[in-house]
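A quick write-up on the structure given underneath.
The values are calculated or read from the model by the stated rules, or taken from the named source; none is laboratory data. All values derive from a computational prediction rather than experimental measurement. Here the Cβ is made from the backbone with ideal geometry for all residues, glycine too, and neighbour counts use every protein chain on show.
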Amino acid sequence: MKNIVLIGFMGSGKSSVGRFFATHHRMKQIDTDQYIENREKRKISQIFETDGEEAFRRMETDTVKELLQTEKKDIILSVGGGLPMREENRALLKEFGTVIYLKASVDTLEHRLSFDKSRPLLQGGNLREKIETLMAKREQVYEDLADYVILTDGKGISTVEREIMLAMEGEE
Ligand code: S3P
């Protein structure tokens, strides 16, 4: 199958949907956060703390460039929520595969992220406000980049999987 790229806000289910989809469709799942953590041998939160966000963003771009050289098909790639914010990355993602935005409401995201300690951009202060502020900057970028938008609120993982399959049927 053609490569698939899952984009969306933190907590929108990109990694779990990617894993589920990959096992059911004999694809390989790659997650940019995981890829960076494996290569750096440290957590994203440590990278943010020691090297800063800009350094992490460069690592994201390098990761997608590297994957473009090596992974031609049958990949479902989940990318960090901030990765599509760089214009350069958007072009790379488009080149990599069909882009699907997993869209979730602020209510859903707040619920899913309420005990999260792994995402540096959401620590401290009011979670809902942080989500709303970031979402206001990102929503349109996600929408514009996506070939398909899938609403995930209240849906189980297998429903989302089916909707991705439906989208991909039109892609071959
Ligand atoms: C980020 C999202 C995270 C991770 C980092 C920054 C963001 O990935 O890359 O904490 O800027 O939205 P997930 O979207 O997989 O949580």
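Observations
- Scanning the range 2-9 finds one or more residues that are under 15 Å from the mean Cα position of the chain (by Cα), at positive phi and at pLDDT 95 or above.
- For beta carbons closer than 6 Å, sequence separation of 6+ or different chains, a first residue in the range 2-28 that is among the polar types (S, T, N, Q) and a second that is within 13 Å of the ligand (Cβ to nearest atom), the qualifying pairs are S12/L102; S12/A104; S15/D31; S15/S78.
- Top-ranked residue in the range 99-127 [being within 14 Å of the chain's Cα centre (by Cα) and surrounded by fewer than 21 Cβ atoms within 10 Å (Cβ to Cβ); ranked as nearest to I164 (Cα to Cα)]: K103
- Test: E110 is in contact with a helix residue (DSSP H, G or I) (Cβ under 6 Å, 6 or more places away or on another chain), assigned to a helix (DSSP H, G or I) and free of Cβ contacts under 8 Å to residues at least 60 places away in the same chain: yes
- When I36 is tested against (1) under 23 Å from A136 (Cβ atoms); (2) of a type outside the set (D, E, K, R); (3) crowded, with 16+ Cβ neighbours inside 10 Å, only condition (1) is not met.
- Test result for F56, aromatic (F, W, Y), in contact with a helix residue (DSSP H, G or I) (Cβ under 8 Å, 6 or more places away or on another chain) and more than 12 Å from the ligand (Cβ to nearest atom): no
- Any hit, the range 125-143, residues being modelled with pLDDT of 95 or more and in contact with a Ser or Thr (Cβ under 7 Å, 6 or more places away or on another chain): yes
- Looking only at residues in the range 62-94 that are surrounded by 15 or more Cβ atoms within 10 Å (Cβ to Cβ) and among the β-branched types (V, I, T), the one that is farthest from the ligand (Cβ to nearest atom) is I75.
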